[in-house]
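The structure under discussion appears below in the form of structure tokens.
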Amino acid sequence: MQMVKVLRLTLMFILKIINKDSMNKKILLSIYFIVSFYGFSQEVTYTSNFAKLQGQLLDEFGIEKMRTVNIEYLTANSEPYSLQVIGNTNYELFLKDTIIYDTVRILYLDDINFKRINNHVFDKLINLQAISFENCKNINFHELFSNLSLSNNLEQLHFENLKFDRLDTNINKLSGLKVITFDSCKLNEFGYLSLNLDEFTISNSKNVLNLNTLFIQSAKRVNIKESVITDFPYNLSSSKGLEDLDFSGTKIRACINNDIRGFKDLLNINITDAKINFKSVRFLDIGEELFIIKDVDVLVFTSEHSITLDYHNCY
């Protein structure tokens, strides 16, 4: 990895020297990202933070223990590290099977109506690191987040096909949380997340997103993918450590016409398959360079360069 860093620094130095030679610069940019990818692939080969967690647990416990097991098929001596619970009947079974609570690291909950079974036992899952809620109904998120906050090792929270009227502020009690994802959810209102996240992701949103109410204290990566949003998320400009914004497949309805302040740590914006209009916009407070990625093309900007991209008619 040290050699990779040296190569990257050398290439960036050469890029500055030949700035006026666009052909050579394009070639060197390609080499730069190949080197970056090579270095990244030597250290980690994961497609998401969830995959990374799975990989780490596989290394620690082995493939046999980390096979996802449906609770219906547990035997008397089972020690499930990755457990799937589908439906109310199986959730009731899970509530009674307390002997397995110490071993579960990843828990998948699917198609459960919490109005019928309003019982949270997540505080007893002392080694739980990730939990996923899919197709679940009538969740009291205020109670849920309070209960999950007592699970001291919880790092990842995943929601799929759920409806949120608002993101309950009790989520901030989960102080160790590193990853929050929403896939195919309906999200109406957000609020302030006083968390230090590695990843915040919304994908395939079921409604048009207004991100004006979304504030995150700290996040390395924010993904708003395959969705429609009303405007650019300017309020993320104060998020500490934000290096990557990914708008892949997303449409931003409003044109971005004004220079943008903040985003001091921003390195990359991915707009592959996105519909976003920048009208002579500068990111005034970024570091040396900002990379805008679109498919295989990489555009490099500094705080002095204006960005103009036209992909659709703004409202």
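Quick rundown of the values:
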{"read-out": "Complete set of residues in the stretch 98-112 that are more than 24 Å from the chain's Cα centre (by Cα) and surrounded by 15 or more Cβ atoms within 10 Å (Cβ to Cβ)", "value": "Ile100, Tyr101, Thr103, Ile112"}
{"read-out": "Cβ pairs under 6 Å, 6+ apart, first in the stretch 197-226 and surrounded by fewer than 19 Cβ atoms within 10 Å (Cβ to Cβ), second hydroxyl-bearing (Ser, Thr, Tyr) and not in a strand (DSSP E or B)", "value": "Asn204/Ser184; Asn210/Thr230"}
{"read-out": "Enumeration of residues in the stretch 252-267 that are loosely packed, with under 15 Cβ neighbours inside 10 Å and modelled with pLDDT of 90 or more", "value": "Ala254, Asp259, Arg261"}
{"read-out": "Every residue from the stretch 82-96 that is under 13 Å from Asn70 (Cα atoms) and surrounded by 14 or more Cβ atoms within 10 Å (Cβ to Cβ)", "value": "Ser82, Leu83, Gln84, Val85, Ile86, Gly87, Asn90, Tyr91, Leu93, Phe94"}
{"read-out": "Candidate set from the stretch 183-195 (those that are assigned to a strand (DSSP E or B) and in contact (Cβ under 8 Å) with a residue 24 or more places away in the chain); member that is nearest to Asp273 (Cα to Cα)", "value": "Asp183"}
{"read-out": "Test for Val179: is it buried (at least 20 other Cβ atoms within 10 Å of the Cβ) and among the β-branched types (Val, Ile, Thr)", "value": "yes"}
{"read-out": "Qualifying positions in the stretch 115-154 - surrounded by fewer than 18 Cβ atoms within 10 Å (Cβ to Cβ), part of a loop (DSSP other than H, G, I, E, B) and on the phi < 0 side of the Ramachandran plot", "value": "Lys115, Arg116, Ile117, Asn118, Asn119, Val121, Ile126, Asn127, Asn140, Leu150, Asn152, Asn153"}
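The values are calculated or read from the model by the stated rules, or taken from the named source; none is laboratory data. No experiment lies behind these values; they were computed from the predicted model shown. Methodologically, a virtual Cβ is constructed for each residue, glycine included, from the backbone with ideal geometry; neighbour enumeration extends over all protein chains shown.
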